[in-house]
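Q: One structure is given below, represented as structure tokens, and several questions about it will come after.
The values are calculated or read from the model by the stated rules, or taken from the named source; none is laboratory data. Remember, it's a predicted structure, so these values are computed and weren't measured experimentally. All Cβ positions, glycine included, derive from the backbone under ideal geometry; neighbour counts span all protein chains shown.
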Amino acid sequence: MVDYAAMQTTIQEAIKPRSLPLAVRFLADGEDFPEKTRRPKAFLKKRVTICQGITMARLYGWSVGLRKEDIICVPALLGWGMSGAANRDEEMKQLMQSVGFASSAAVADAQFAGMTCVPEGTVHGILLTPLAKALHEPHTVAVYCNPAQAMRLVQALTYCGDGGVEGRAPCASVTGSFGGKVECLQTLYAPHALNAPRLSIPGMGDRIFSMTQDDELVVAFPGQWLSRLATGLKEAGKTIGARYPVTFYQNFEPEFPAPYKDTAQRLGLLDDGSAP
């Protein structure tokens, strides 16, 4: 049994993120949310965006449950296969053109191809909790972080290679698909669907509705990679003292502009090399 509270502490101590690491689970048809899960429609009397649910979990520490009736974001309902549309793919492509994100149908086709959308009707609920509150192995773990913190997470995730998964190539790098829209798919679903770590750039909704900050990226990975991450955070770059915050190099003698050197020479300040 994984100690998810200890895993959360490991991540927090290693990279000091501004918010809590998220555990994400996708509910099948007929599966219920755990007790004390807050459903926005019932708890807040409002529908919200998925990215708002993420903020409530990672900043408030709530366990947040989202079903179709809790979500107001139309692109998310389409992308997460919750719309019931007869032709979800075409609806999404047309929406990208209508709002001005795609200049033509061909561009919309290409953009949609870069999204990792959920097959219609396969995800019936999204459970978002701080990692420490996870009751079962998360399908995805997502960490909002700045670029330097993301660097350490990537170093950790690539440290152990394939982690002993038979037939799987070593994880030499972390990739992503940066479309700038419906990024909740990249942040929450793609790592699970692709069984690989992903880097995502929060989109417009994250910044407008959920107060995601300008310096925040997301590193997300399958929940089964948690032990690999913990090992990597401890061992990756250990020989050279790699850590976060990154240690500034101080073993050098600064050079000053000519007026400072002239004054030092006139006063004999640096003749013996002992001046600070």
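Q: If you go through region 115-136 one residue at a time, do you hit one that is touching a Cys at 6+ places or on another chain (Cβ under 6 Å) and either under 30 Å from Leu59 (Cα atoms) or touching a residue at least 60 places away in the same chain (Cβ under 8 Å) (or both)?
A: No, because not a single residue in region 115-136 is touching a Cys at 6+ places or on another chain (Cβ under 6 Å) and either under 30 Å from Leu59 (Cα atoms) or touching a residue at least 60 places away in the same chain (Cβ under 8 Å) (or both).
Q: Please verify whether region 211-223 includes one or more residues that are touching a helix residue (DSSP H, G or I) at 6+ places or on another chain (Cβ under 9 Å), loosely packed, with under 10 Cβ neighbours inside 10 Å and either modelled with pLDDT under 95 or closer than 22 Å to Arg18 by Cα (or both).
A: There is at least one residue in region 211-223 that is touching a helix residue (DSSP H, G or I) at 6+ places or on another chain (Cβ under 9 Å), loosely packed, with under 10 Cβ neighbours inside 10 Å and either modelled with pLDDT under 95 or closer than 22 Å to Arg18 by Cα (or both).
Q: Considering only residues that are in a helix (DSSP H, G or I) and of a type in the set (Phe, Trp, Tyr), look in region 28-71 and name the one that is nearest to the chain's Cα centre (by Cα).
A: Top of the filtered list is Tyr60.
Q: Let me ask something else. Hey, any hits in region 15-27 for a residue that's within 22 Å of the chain's Cα centre (by Cα), outside any strand (DSSP E or B) and surrounded by fewer than 15 Cβ atoms within 10 Å (Cβ to Cβ)?
A: Checked region 15-27: at least one residue is within 22 Å of the chain's Cα centre (by Cα), outside any strand (DSSP E or B) and surrounded by fewer than 15 Cβ atoms within 10 Å (Cβ to Cβ).
Q: Oh, and also: Any residue in region 265-275 that is more than 15 Å from the chain's Cα centre (by Cα) and within 29 Å of Ala156 (Cβ to Cβ)?
A: No, there is no match, as no residue in region 265-275 is more than 15 Å from the chain's Cα centre (by Cα) and within 29 Å of Ala156 (Cβ to Cβ).
Q: (1) modelled with pLDDT of 95 or more; (2) closer than 29 Å to Asn146 by Cα; (3) not aromatic (Phe, Trp, Tyr): which one isn't true of Gly114, the others all being true?
A: (1)
Q: May I pose another question? Could you check region 220-252 and list, in sequence order, the residues that are of a type in the set (Gly, Ala, Ser), farther than 18 Å from Cys145 by Cα and touching a residue at least 24 places away in the same chain (Cβ under 8 Å)?
A: Ser227, Ala236, Gly237
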